[in-house]
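Read-outs: derived from the displayed coordinates by stated rules, not from any lab. Since the model is a prediction, treat every value here as computed from it, not as a measurement. Backbone-built Cβ (ideal geometry, glycine too); neighbour counts: all protein chains shown.
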Amino acid sequence: MQADWFFLSHHLDSDTPGFGGERVFSRDPVRQISRGDSSNSEKWTLNNHAGTHFDAPRHFCANGITATDFPAGHWVFEKVAMISVSVGDDEIISEMNWQKFVPAGTELILLKTGFEAHRGSERYWRSNPGVAPQVADWIRLNRPSVRAVGFDFISLTAFSHRALGREAHRAFLADEQLPIMIFEDLKLSLCTACPRQVVALPLIVNHADGAPLTIIGRLGNL
């Protein structure tokens with residue numbers, strides 16, 4: 001059973017890319033057995049939107065709900081839809097014929113673009129695709145069961161279309177009754193098929209506007 005599960009999140013390290021090229025994670029030893037200490041420990045410094053992470057409504061809405069306002073079960077997705085999307089540099093993903101790809105009752109939409117192949121280069125954050133605000137409108141109108149959208153590029157905001165990206169973030173997050181969480185910088189290359197179950201667990205920091213995620217997915221039939 002354990003072999004059915006795999007990670008959909010990237011490991012955090014000093015090479016983790018940040019939006020706009022920002023350095024978002026560093027680590028320094030505090031104690032080291034090799035130096036004669038009794039144990040190993042480290043100090044980590046990280047941006048709360050480092051690596052694979054989620055955006056809560058508070059990220060773009062002054063009075064939006066935060067990471068700790070969601071119940072534990074909110075992070076478990078039993079009905080997942082994955083859409084393979086071909087994108088170019090700086091491209092904005094709009095609502096296509098999503099009705100065909102997103103069944104009724106879907107809780108999580110994954111956008112697999114293959115752009116994570118550029119994660120080791122500047123292109124990943126400088127020329128990343130983004131998502132149009134109208135996608136959030138389509139989801140709320142047609143698939144109100146969707147609680148989150150995740151994708152394999154660095155941000156919902158395309159770096160070259162930042163004003164549109166801010167609008168898109170607000171479109172997804174601003175509805176207090178039906179916010180759509182945003183899962184950014186996912187590792188979808190291992191998804192040979194749509195996962196039948198996804199668990200996305202954030203670092204629980206009180207009232208956070210977002211946090212790193214450890215996401216695991218499961219393939220196979222129920």
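What is the local net charge at residue 197, summed over the other residues whose Cβ is closer than 11 Å to its Cβ (Lys, Arg +1; Asp, Glu -1)? Taking every other residue near residue 197 into account, the sum is 0. Exposure proxy for 98, 44: other Cβ atoms within 10 Å of each Cβ, ordered fewest to most, give 44, 98.
Spin-label pair residue 167-residue 37: with each label point 7 Å from Cα along the Cα-Cβ axis, the two points sit 5.0 nm from one another.
Geometric descriptor of the chain, per residue, is 142 Å³ (volume of the convex hull of the Cα atoms).
For every helix of n ≥ 4 consecutive DSSP H residues, a contribution of -39,500 (n - 2.57) applies; sum these over the chain, divide by its total residues, and give [θ] at 222 nm rounded to the nearest 500 deg cm²/dmol.
Rounded to the nearest 500, the figure is -3500 deg cm²/dmol.
Counting every other Cβ atom within 10 Å of each residue's Cβ, 59, 11, 74 order from fewest to most as 11, 74, 59.
Listing 23, 147 from fewest to most neighbouring C-beta atoms within 10 Å gives 23, 147.
Ignoring aspartates and glutamates fewer than eight residues from residue 100 along the same chain, none have Cα atoms less than 16 angstrom from its Cα. Between residue 121 and residue 218, the simple spin-label model (points 7 angstrom out along Cα→Cβ) gives 3.8 nm. What net charge is computed for the residues neighbouring residue 84, neighbours being all others with C-beta under 15 Å from the C-beta of residue 84, Lys and Arg scored +1, Asp and Glu -1? Net local charge, residue 84 excluded: -1.
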